[in-house]
Amino acid sequence: MAKTNTKPKRLKPLLSLDTLVVRRTVVIDGGVYEVLSPSELSIIDHHRLARKGTRLEELLAKADASDAELEEIGKTLDELCRYVLKAPDDVHKKLTDTHRLLVTQAFTELLMETVRPAGAKVTEEGPKSPTGESTSPD
């Protein structure tokens, strides 16, 4: 049987990175304000925001939150919103906690779009041998 000379199958890129920052926007009272892009965050920033977000979720889940915890909810929402929403102080002061929660949730959705779950398939090409070559069903 003669060997055929075929080109090796071109693999899909393992990773595609963009260094150009594109910020999404939020409209508040007719003004357009940018939301921080997740790609602008350092690893430390991600960690800090995640920690604050986790604490906020804990507080919001409490049916019997104390007055101090209710104040902490408002303070945490304000801190998170001010971090991710690039708007002047007077705009931030007009926002309610519900507005702040919506802004932080929108940012969280952006964050989730950029994160690939651990163990996610990178390509659709099926199992690979230890050398990285596609395995044959023969």
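The values are calculated or read from the model by the stated rules, or taken from the named source; none is laboratory data. Since the structure is predicted, the reported quantities are computational estimates derived from the model, not experimental observations. Positions of Cβ are generated from backbone atoms using ideal geometry, with glycine treated the same way; all protein chains shown enter the neighbour counts.
Summary table below
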| quantity | calculated |
| --- | --- |
| Qualifying positions in region 43-85 - more than 16 Å from the chain's Cα centre (by Cα) and among the basic types (Lys, Arg) | ARG55, LYS62, LYS75, ARG82 |
| Members of region 93-104 that are within 19 Å of SER37 (Cβ to Cβ) and surrounded by fewer than 19 Cβ atoms within 10 Å (Cβ to Cβ) | LEU102 |
| Residue among ARG100, ARG82 that alone is of a type in the set (Lys, Arg), touching a Cys at 6+ places or on another chain (Cβ under 8 Å), under 21 Å from ARG24 (Cα atoms) and without any contact (Cβ under 8 Å) to a residue 40 or more places away in the chain | ARG100 |
| Cross-chain or 6+ apart pairs with Cβ under 8 Å, region 17-40 first and more than 17 Å from ARG100 (Cα to Cα) and of a type in the set (A, V, I, L, M, F, W, C), then at pLDDT below 90 and in a loop (DSSP other than H, G, I, E, B) | none |
| Some residue of region 47-58 being assigned to a strand (DSSP E or B) and surrounded by 10 or more Cβ atoms within 10 Å (Cβ to Cβ) | no |
| Restricting region 9-46 to residues that are more than 19 Å from GLU113 (Cα to Cα) and touching a helix residue (DSSP H, G or I) at 6+ places or on another chain (Cβ under 9 Å), the residue that is surrounded by the fewest Cβ atoms within 10 Å (Cβ to Cβ) | ASP29 |
